[in-house]
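Following: one structure in structure tokens, then a few remarks.
The values are calculated or read from the model by the stated rules, or taken from the named source; none is laboratory data. Being a predicted model, the structure only gives us computed values, none of them experimental. Glycine gets a Cβ as well: all are built from the backbone with ideal geometry, and neighbour counts include every protein chain shown.
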Amino acid sequence: MAERLDTPKAARRSLLPRMRVEQDAFGKISEGIARFMGTPRFLLYMTVFCLAWLGFNTWGPESLRFDSAALGFTALTLMLSLQASYSAPLILLAQNRQTDRDRVSAEQDRQRAERNLADTEYLAREMAALRIALSEVATRDFVRSEMRNLLEELDEKETERAAEGAGTGRSSADGASTGRDGHEPSSRTSSGRDGRGSNRDGRRTTGPRRGPETSPDPSTDAADRTRGPA
């Protein structure tokens, strides 16, 4: 039965502990060795080591010599060859790692340059759009000229209204003067007539009213005669 892909595998138990080594650890070690071999310190140490080796095997006690000069220092030659055979691959490995890093950094630089170019083009388009939009926006001088024209139009309208008001006032004054000349005497005569008529009516109405004439009573006259003067 095939294993399901959505479930992790069970951890396998082993008798020996599994060593977890970082994948990049060997590369870091090789780069460190290659950097050290390319320094003046390594050259100094190598020179001191070779001189000490040659001096001890040349002038040292014969019983303690381990590399005879008669054989051409075979052991020293073997050690130098072994060191060179190991240092060359380490240097090549460090160079390969540096090449990979350079390629990655170059790719990142290329992507960054593309982004910068895209941003620059976007900013250029935005600046062009803003320039076009600002060309259609009213400037300060344009607003001032429009306000000046508007004020001039308002002044002209006010002068026209003042002239129309003065003309209507003159026409009304002329109409009032003509009305006085044509209608005031008749009104005065009519008012005078009405006043006289009212005065006549007032005199008639306000005068002493006489009561109805009554015939004298003969009994009262006889009594007055008998009394006589007191």
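Below are the figures for this structure:
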read-out: Of residues in region 1-34 being surrounded by 10 or more Cβ atoms within 10 Å (Cβ to Cβ) and either over 18 Å from residue 90 (Cα atoms) or among the small types (Gly, Ala, Ser) (or both), the one modelled with the lowest pLDDT; value: 27
read-out: Residue within region 121-136 that is basic (Lys, Arg), under 21 Å from the mean Cα position of the chain (by Cα) and surrounded by 10 or more Cβ atoms within 10 Å (Cβ to Cβ) present; value: yes
read-out: Residue 96 vs. criteria surrounded by 11 or more Cβ atoms within 10 Å (Cβ to Cβ) and within 60 Å of the chain's Cα centre (by Cα); value: yes
read-out: Residue pairs meeting the criteria (Cβ under 7 Å; at least 6 apart or on separate chains; first within 16 Å of residue 101 (Cα to Cα) and part of a helix (DSSP H, G or I), in region 19-41; second at pLDDT 85 or above and among the basic types (Lys, Arg)); value: 27/97; 31/97
read-out: Contacts under 8 angstrom Cβ, first residue in region 124-143 being on the phi < 0 side of the Ramachandran plot, partner of a type outside the set (A, V, I, L, M), 6 or more apart; value: 138/146
